[in-house]
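Q: Here it is, the structure in full.
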Amino acid sequence: MALKRKVLWIVIMNKDSVETLFAKHALAMDATAVCIRTSSTRFPDTIKRFHDLGMKVYAWRWPPSTKSGAMKEANNVADNLITAGLDGYIVDPESDKAGAANDWNQDGLGELATSFCKTILDAAPRSFVFGTTSGCAYPAPKQKPKIPWDQFFTASDFLYPQCYWRWTNPTTGQVGQKINGGTPDEAIAKGITAWKPKSLGKPIVPMAGEIDVVKDDEIKAYGAALAKMGVTEGHFYADNADVPVANLAAMKAL
């Protein structure tokens, strides 16, 4: 079953040359949309440029968990990006370090999460897509239980667990280290097990990553796993200059 929608993500896009390469990669894999971190200085003008290429434009961010920081992000999306034609937004509430400025795994953040989502959705057209992404197993009871999942999931049209099976370890620098079981099937199974109980019945779309270090045959297996689930949308994290041509071809073939 061929994917109807393919979304290519990017983290840092602050130069013309980076946007150009990103667009080339998106076109090479037949992406129907791109998802750009809101910190990109190419916003908001990049929205029209990707629209002109026939792609929808989503934005994403791991927002601060402070009231001022979270609402600054929400207001930026509402006032500057949606008004420029943004098609969707995917919030990424996570927690690497307890007490950090963007640590969402704390008590008492439900009201802030609701206000954050409402600010964006109140400014959005009916066609706008709102979603939530986070770590593969984070919603599991012994992972990050204090993240306000109910509030974020209630506002979401889709949920996007980060079912990455390889990554570049940020601590050791090991490239292509296997994680979450080390295969698309294992990572997706882990993500679904953690996310489904809290999903409120919202559609779950497992994400692939990290696409610069996975193998092309693994991308094919990721597509097969989605087909088995009846999922027709694939998300690919994250583009950079090191993504192999073979991986772009594998993504195009899905």
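Q: Would you mind finding the one in GLY85, GLY108, GLY99, GLY69 that is in contact with a strand residue (DSSP E or B) (Cβ under 9 Å, 6 or more places away or on another chain) and either free of Cβ contacts under 8 Å to residues at least 60 places away in the same chain or of a type in the set (A, V, I, L, M) (or both)?
A: After applying the criteria, what remains is GLY85.
Q: Moving on to the next point. Filter region 106-152 down to the residues that are assigned to a helix (DSSP H, G or I) and in contact with a Ser or Thr (Cβ under 6 Å, 6 or more places away or on another chain), then identify the one that is nearest to LYS190 (Cα to Cα).
A: PHE152
Q: Then there's this: Considering only residues of region 230-246 that are among the hydrophobic types (A, V, I, L, M, F, W, C) and over 17 Å from ILE36 (Cα atoms), which is surrounded by the most Cβ atoms within 10 Å (Cβ to Cβ)?
A: VAL231
Q: Continuing with the same structure: For region 153-198, enumerate the residues that are in a loop (DSSP other than H, G, I, E, B), closer than 20 Å to ALA225 by Cα and within 16 Å of the chain's Cα centre (by Cα).
A: Result: CYS163, TYR164, TRP165.
Q: Also, I was wondering about something else. Do you know which residues across region 1-38 are surrounded by 14 or more Cβ atoms within 10 Å (Cβ to Cβ) and assigned to a helix (DSSP H, G or I)?
A: Within region 1-38, VAL18, GLU19, LEU21, PHE22, ALA23, HIS25, ALA26, LEU27, ALA28 meet the criteria.
Q: Can you tell me which of THR20, THR38 is polar (S, T, N, Q) and either within 24 Å of LYS220 (Cα to Cα) or touching a residue at least 24 places away in the same chain (Cβ under 8 Å) (or both)?
A: THR38
Q: Counting only residues that are under 16 Å from CYS35 (Cα atoms) and of a type in the set (A, V, I, L, M, F, W, C), how many does region 79-105 have?
A: Counting residues in region 79-105 that are under 16 Å from CYS35 (Cα atoms) and of a type in the set (A, V, I, L, M, F, W, C) gives 6.
Q: Has region 84-105 got at least one residue that is among the aromatic types (Phe, Trp, Tyr), out of contact with any Lys or Arg (no Cβ under 6 Å at 6 or more places or on another chain), part of a strand (DSSP E or B) and crowded, with 22+ Cβ neighbours inside 10 Å?
A: yes
Q: May I ask you to list the residues in region 158-173 that are surrounded by 13 or more Cβ atoms within 10 Å (Cβ to Cβ) and not aromatic (Phe, Trp, Tyr)?
A: Passing the criteria: LEU159, PRO161, GLN162, CYS163, ARG166, THR168.
Q: In region 222-254, what count of residues is obtained for those that are outside any loop (DSSP other than H, G, I, E, B) and closer than 22 Å to PHE158 by Cβ?
A: The qualifying residues number 16.
Q: Right, something else. Among the residues of region 118-150, how many are within 17 Å of the chain's Cα centre (by Cα), surrounded by fewer than 22 Cβ atoms within 10 Å (Cβ to Cβ) and within 15 Å of ALA59 (Cα to Cα)?
A: Within region 118-150, residues that are within 17 Å of the chain's Cα centre (by Cα), surrounded by fewer than 22 Cβ atoms within 10 Å (Cβ to Cβ) and within 15 Å of ALA59 (Cα to Cα) number 3.
Q: Sticking with this one: Being of a type in the set (Asp, Glu) and touching a Ser or Thr at 6+ places or on another chain (Cβ under 7 Å) narrows it down to one of ASP96, ASP92, ASP79, so name that one.
A: So the residue among ASP96, ASP92, ASP79 that is of a type in the set (Asp, Glu) and touching a Ser or Thr at 6+ places or on another chain (Cβ under 7 Å) is ASP92.
Q: Okay, next question. Might you let me know whether region 59-77 holds any residue that is surrounded by 22 or more Cβ atoms within 10 Å (Cβ to Cβ) and more than 20 Å from THR132 (Cβ to Cβ)?
A: No: zero hits.
Q: Output yes when any residue across region 200-212 is part of a helix (DSSP H, G or I) and surrounded by 18 or more Cβ atoms within 10 Å (Cβ to Cβ), and no when none is.
A: no
The numbers here are math on the coordinates, done by the rules we state, and not lab data. Just so it is clear, the structure is predicted and the values come from calculations on it, not from any experiment. With ideal geometry, Cβ positions are generated from the backbone for all residues, glycine too; neighbour counts draw on all protein chains shown.
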